[in-house]
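K.L.:
The structure is given below, and queries will be raised subsequently.
The values are calculated or read from the model by the stated rules, or taken from the named source; none is laboratory data. A quick note: this is a predicted structure, and the numbers were derived from the prediction, not measured. We place every Cβ from the backbone using ideal geometry, glycine too, and count neighbours over all the protein chains shown.
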Amino acid sequence: MRIIVGISGASGSIYALAVLKLLRTLDIETHLVVSKMGTYVMQHECSVGLEELKGYADFYYEQEDLAAPISGGSFKTDGMVIVPCSMKTLACVAHGFSESLLTRAADVCLKERRKLILVTRETPLSMIHLENMLSAARAGAIVMPASPSFYHTPGDISDLIISFAGRVLDELGITHNLTKRWGENS
């Protein structure tokens with residue numbers, strides 16, 4: 001499999017780190033693009049710099065590199081996740097504004113009918129945010145707010161992060177046994 005991972009400047013960088021690490025564990029090819037604010041927030045929230053972050057991906061592209069392979073529909077991928085997805089990035093995706101490689105790659109996923117998962121992270125939500133989520137969903141994106149579940153009785157925050165990251169992998173169609181599922185025994 002080949003998955004694009006986009007990281008924008010919303011809070012919740014820990015989810016992106018978990019997704020990248022899980023994809024690496026599962027030996028899935030990853031293509032990473034990170035916005036400037038995504039780099040800043042990752043460093044601030046997780047103390048992980050861009051060079052370390054690049055080490056979790058097979059390929060990395062600069063945000064301004066609109067000639068990168070992931071900017072074209074002929075470059076086959078199995079999907080993309082933007083985690084976390086800021087409201088600015090959501091607005092760009094919802095309205096086809098491909099002003100950066102991150103939003104162009106998302107646009108390509110939509111036009112090629114490939115999976116696009118937007119892990120939105122904002123609260124409270126304005127009407128504009130909700131309308132943009134609806135527009136993105138109508139265009140084919142899966143809007144997946146960063147809302148962890150508690151039915152698996154997490155022991156600590158890492159259990160919450162892994163469980164949610166596992167749900168992201170589920171939406172990408174990636175088989176795994178990393179998380180406890182509803183109805184499973186301990």
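K.L.:
Sort through Lys54, Lys88, Lys36 and tell me the only one that's charged (D, E, K, R) and touching a Phe, Trp or Tyr at 6+ places or on another chain (Cβ under 8 Å).
P.N.:
Among Lys54, Lys88, Lys36, only Lys54 is charged (D, E, K, R) and touching a Phe, Trp or Tyr at 6+ places or on another chain (Cβ under 8 Å).
K.L.:
Please enumerate the residues belonging to the range 137-172 that are farther than 20 Å from Lys115 by Cβ, hydrophobic (A, V, I, L, M, F, W, C) and part of a helix (DSSP H, G or I).
P.N.:
Selection gives Ile157, Leu160, Ile161, Ile162.
K.L.:
Looking at the range 152-162, is at least one residue surrounded by fewer than 13 Cβ atoms within 10 Å (Cβ to Cβ), among the hydrophobic types (A, V, I, L, M, F, W, C) and over 20 Å from Lys21 (Cα atoms)?
P.N.:
Scanning the range 152-162 turns up no residue that is surrounded by fewer than 13 Cβ atoms within 10 Å (Cβ to Cβ), among the hydrophobic types (A, V, I, L, M, F, W, C) and over 20 Å from Lys21 (Cα atoms).
K.L.:
Now, a different point. Given the residues Lys76, Lys115, Lys111, which is the only one that is touching a residue at least 40 places away in the same chain (Cβ under 8 Å), exposed (fewer than 15 other Cβ atoms within 10 Å of the Cβ) and of a type in the set (Lys, Arg)?
P.N.:
Lys76
K.L.:
Something else now. Quickly run through the range 138-164 and pick out the residues that are at positive phi and modelled with pLDDT of 95 or more.
P.N.:
Passing the criteria: only Gly140.
K.L.:
Also, quick follow-up: When the residues of the range 46-56 are narrowed to those that are more than 13 Å from Ala18 (Cα to Cα) and touching a helix residue (DSSP H, G or I) at 6+ places or on another chain (Cβ under 6 Å), which ends up surrounded by the most Cβ atoms within 10 Å (Cβ to Cβ)?
P.N.:
Selected residue: Leu50.
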